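The structure appears right after this line, and notes come after that.
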Amino acid sequence: MSAPAPPNRDKVFDRALISISAVVVLGTFMSILDTTIVNVAINTLSQDFHTSLATIQWVSTGYMLALATVIPLTGWAADRFGTKRLYIISIGLFLIGSALSGMAWSAESLIGFRVLQGLGGGMIMPAGMTILSQAAGPQRMGRVMGMVGVPMLMGPIIGPILGGWLVDDVSWRWIFYVNIPIGAIALLAATKLLPRDEPAAHQRLDWLGLVLLSPGLSAFVYGLAETSSSGGIAATQAWLPMLAGALLIGTFIYHAARHAWPLIDVKLFKNRTMSAASTTTFAFAAGMFGMMFMLPLYYQVVRGQSALHAGLLLAPQGVGAAIMMPIAGKRTDDIGAGKIVLGGLSLLLLGIVGFTRVGADTSFWFLGGCQFLMGLGMGASMMPAMSAAYQTLQRNQLARATTALNIIQRVGGSIGTALLSVVLTHQLASRLPGGAEGGLGSAQSLPAGARDRIAPDLAQAFGHTFWWAAAIIALAVIPALLLPRSKPQAPAAPGAEEARAEEALLIEV
């Protein structure tokens, strides 16, 4: 079967690029949906498997650790085997993990199958983004990212709604089985529609970098996961693996700067735009993913809403993102990412500040309006910031740049979620009966009557925690000031400067 013709970069969206975008959207949407759909089923899984909440939470944490472990391999694997082949293998591995997770017979088997699922899921998004960035080229990257980013940002909104419905009315097993038809279509489409690419077979795997970075990220994420259940960051179970992980990551950076073929090319960060986009993405992910973790808890713990209703209340955020992302993508291509991202962060900050004023009976209309502002801000922040980095890089740098940005985004989201979780736990413990022994678990298990009596105190705890999210987003403004504020130009090909200088010399002679 012949591959489709290469995209025509003179048009914004030609047929080939639309086909490639659709394939990438299918795979990435499936992987993003899975990271959020499971959260609403944690209590049900704990009851069905007769195990503690601390144990069953590893269904989510194990998946996250697998993602952090495998992402560093994506850049090398894309160069070595080709992005099309890597994308197909990743989706296939994810589907096998999904099917096995749905058939799990114990908490331990489910955790193991989720790790397998994460090993595939971790490579789907960076491989897909690499394919898309190569097909679009720098001049169209902002517009394309704006279009394909809509379903990606809708995943965290649809996930809780779909998960709540499946858990309540069908079976928890279907939160995994639902991936199978989506993934099957994505596999078939990828096989037929993605263009062939030539692997760079001469590159060798940086084994030392892999030994340093993957365990380092895993240890760091594990420490973050332990901060909530072990009494905060001061607990040995939290700070010791975080310190070990940070040392391994630091050693990797030192090693990568001196290696010919590093797992992640840290020299990319000498590019000012790449550094600014990476720092902005990190802070944005920390604040935004932390908020997305907090909002369903507020609706369930303070307002007494079911998992399904809490998911439905998050819908305005997705609507705002869906409206803004295509607009922001087009404007990014026209005037540069700097102005767009600063405007997006301002909208996002305004929406979060509204949530700092929450009470026990705050109008759902007001909260929906704040979430709509947050969605607008999300749509004008995340994808434009990442597009700014892609627009200044060579084609052969895109695979490793995508890997680096995905790691930065996921680690930032993990840090933000862990930080806000610790802050909320402390705030709740100081307000609930039982003091420090109360915390989030006590708040979630309160009967309706008791919750109504202390709901104002619970709301204050959430409001205080939302201020932390606002502060993180405010910090993202600093690196965003360094993003380009003019129409992006195609990066010069390697050796182009020398060629132009030689041509100028010949003309003079």
Being in the same structural domain as residue 305 (by TED's automatic domain parsing), among the aromatic types (Phe, Trp, Tyr) and in contact with a Pro (Cβ under 9 Å, 6 or more places away or on another chain) narrows 372, 366, 355 down to just 372
_Against the definition (in contact (Cβ under 8 Å) with a residue 12 or more places away in the chain and touching a Phe, Trp or Tyr at 6+ places or on another chain (Cβ under 7 Å)), how does residue 349 come out, yes or no?_
no
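A quick yes/no check of all residues on (1) modelled with pLDDT of 85 or more; (2) acidic (Asp, Glu); (3) loosely packed, with under 11 Cβ neighbours inside 10 Å:
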| position | (1), (2), (3) |
| --- | --- |
| 443 | no, no, no |
| 447 | no, no, yes |
| 469 | yes, no, no |
| 482 | yes, no, no |
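Here is a yes/no grid of residues against (1) in the same structural domain as residue 36 (by TED's automatic domain parsing); (2) at pLDDT 80 or above; (3) within 20 Å of the chain's Cα centre (by Cα):
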| position | (1), (2), (3) |
| --- | --- |
| 239 | no, yes, no |
| 246 | no, yes, no |
| 270 | no, yes, no |
| 277 | no, yes, yes |
| 282 | no, yes, yes |
| 285 | no, yes, yes |
| 296 | no, no, yes |
| 300 | no, no, no |
#### Entry: Filter pass, residue 378 being under 26 Å from residue 61 (Cα atoms), at pLDDT 85 or above and of a type outside the set (D, E, K, R)
yes
Of the residues in segment 20-40 that are polar (S, T, N, Q) and at pLDDT 75 or above, the one that is surrounded by the fewest Cβ atoms within 10 Å (Cβ to Cβ) is 28
Selection from segment 385-399 of residues surrounded by 24 or more Cβ atoms within 10 Å (Cβ to Cβ) and either out of contact with any helix residue (DSSP H, G or I) (no Cβ under 7 Å at 6 or more places or on another chain) or modelled with pLDDT of 70 or more (or both) yields 385, 386, 387, 388, 389, 390, 391
Of 90, 101, the only residue that is farther than 23 Å from residue 22 by Cα and among the small types (Gly, Ala, Ser) is 101
Flagged pairs (Cβ under 9 angstrom, 6 or more apart or on separate chains; first in segment 320-338, at positive phi and surrounded by fewer than 24 Cβ atoms within 10 Å (Cβ to Cβ); second assigned to a helix (DSSP H, G or I) and at pLDDT below 75) are 336/142
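The values are calculated or read from the model by the stated rules, or taken from the named source; none is laboratory data. No experiment lies behind these values; they were computed from the predicted model shown. Counting neighbours? That spans all protein chains shown, and the Cβs are built from the backbone with ideal geometry, glycine included.
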